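To start, the structure under review is shown below, and the notes come after it.
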Amino acid sequence: MSSSLEIPDDEKGYDLELFCVPKHYENDLERVFIPHGLIMDRTERLARDIMRDLGEHHIVALCVLKGGYKFFADLLDYIKALNRNSDKSVPLTVDFIRLKNYSNDESTNSVKIIGGDELSALSGKNVLIVEDIVETGKTMQTLLSILNGYNPKMVKVVSLLVKRTPRSSGYRPDYTGFEIPDKFVVGYALDYNEYFRDLSHICVMSEQGKQKYKV
């Protein structure tokens, strides 16, 4: 299991006016928590670590939609660059699944899996699950349990974020970008009721934003 960049509990983040933030979100955010450039640099290193460990195997990259799509696309771009510019390369194919378990900013107990009919194609394959955030870990444990029923050769999980929370089941992914405090964050395709996916940075929401976009 690889190391992660740990963001301490007392991290305040950065003033919004120091960054380019869409004007329609200015009053809905408290701070920029992880700037886009730092996300990209960390993602590049994760790609190198993954290729170091899985570089002898055909990789099926499984994107967990919707929140994982930006991280998935950027991670695969770095992996493809390594494929082009190193002495060894591996075939890389992609697949997609959607898990639904959020209502407002609280994780619900139920996990709805969309796209599971395609998972039979993963039998005998080396699978890299690409996730945006692991909070309690229960969602990922559910997905791994389902995947194991299709007999993949190997399954590894990379998550951009892991949240430190007392609700955690103790699950840890194989690769982690950032370990963050128990804050509700949005941006870089992480949403709040489908908003904020168009925000480049990872930010902490304001209470006004939570009320504005609450369903």
### Query
List, please: which pairs have Cβ atoms under 9 Å, are six or more places apart or on different chains, and start with a residue in the range 74-91 that is within 16 Å of residue 45 (Cβ to Cβ) and end with one that is open to solvent by 50 Å² or more (accessible area, probe 1.4 Å) and modelled with pLDDT of 95 or more?
74/44; 75/44; 78/44; 78/45; 81/44
### Candidate set: the range 168-201, residues that are among the β-branched types (Val, Ile, Thr) and closer than 18 Å to residue 27 by Cβ; chosen: the one surrounded by the most Cβ atoms within 10 Å (Cβ to Cβ)
186
### Query
Does residue 64 qualify as being among the hydrophobic types (A, V, I, L, M, F, W, C), open to solvent by less than 10 Å² (accessible area, probe 1.4 Å), in contact with a His (Cβ under 7 Å, 6 or more places away or on another chain) and touching a residue at least 60 places away in the same chain (Cβ under 8 Å)?
no
### Task
Confirm whether residue 137 is open to solvent by less than 10 Å² (accessible area, probe 1.4 Å), free of Cβ contacts under 8 Å to residues at least 60 places away in the same chain, within 26 Å of residue 48 (Cα to Cα) and small (Gly, Ala, Ser).
yes
## Note on the structure
Those residues of the range 72-93 which are touching a helix residue (DSSP H, G or I) at 6+ places or on another chain (Cβ under 8 Å) and part of a strand (DSSP E or B) amount to 92
## Note on the structure
Considering residues that are on the phi < 0 side of the Ramachandran plot, in contact (Cβ under 8 Å) with a residue 60 or more places away in the chain and of a type in the set (Phe, Trp, Tyr), the number found within the range 168-194 is 4
#### Entry: Complete set of residues in the range 189-215 that are of a type in the set (Ser, Thr, Tyr) and part of a loop (DSSP other than H, G, I, E, B)
200, 206, 213
### Message
For the range 149-164, which positions are part of a loop (DSSP other than H, G, I, E, B), over 25 Å from residue 55 (Cβ atoms) and at pLDDT 90 or above?
### Response
164
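The values are calculated or read from the model by the stated rules, or taken from the named source; none is laboratory data. Model, not experiment: these values are computed from the prediction. Using ideal geometry, Cβ is built from the backbone for each residue, glycine included, and neighbour counts are taken over all protein chains shown. Just so you know, the surface numbers come from the protein's heavy atoms only, side chains and all, with ligands and any DNA or RNA stripped out. Shrake-Rupley method; radii C 1.70, N 1.55, O 1.52, S 1.80 Å.
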